[in-house]
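Below: the structure, in structure tokens.
Rule-based calculations on the coordinates, nothing more; no lab input. Please read all numbers here as calculations on a predicted model, not as lab measurements. Cβ placement follows ideal geometry from the backbone for every residue including glycine, while neighbour counts extend to all protein chains displayed.
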Amino acid sequence: MAVFTPTQGRYLAYIHAYTTVHGYPPADGGETDRAAAISASVNQMVKMLEKKELILRQPGQPRSIRVLVAEDEIPRWVRPNAANAASAGE
């Protein structure tokens, strides 16, 4: 069983959802911005996920992120706007 923080889980969920919808993974930075903060933070998180062996990347190859966590262990992706609307009772 994979061990990760809630924030790491959100990134894994985003990467998995993006790949499922588009047929290819998000870029290491720009596209992944939608999951959380600014590019530097995204890059740092991607490196941490790779260090923890939760994802795999091919150096020098764009869009090569692959989630190594079993699909049933990946949290469900909820867009930040949808989560805010749900908690506000809308």
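Side notes on the structure shown:
- Proximity of backbone amide H atoms, modeled 1.01 Å from N, is registered between I55 and E50, L68 at under 5 Å, excluding neighbours fewer than 5 places apart on the same chain.
- The charge dipole of the stretch 6-80, taken about its Cα centre with unit charges on the Cβ of Lys, Arg, Asp and Glu (plus for the first two, minus for the last two), comes to roughly 120 debye.
- Linear extension gain, Q44 paired with R76, 0.36 nm per residue minus alpha-carbon span: 9.3 nm
- Coarse-grained scattering of the stretch 6-80 at q = 0.17, 0.19, 0.22, 0.26 Å⁻¹, given as base-10 log I(q)/I(0) from a Debye sum over alpha-carbon atoms: -0.54, -0.69, -0.97, -1.45
- Extension gain from Q58 to M1, taking 0.36 nm per residue of separation minus the Cα-Cα distance: 18.1 nm
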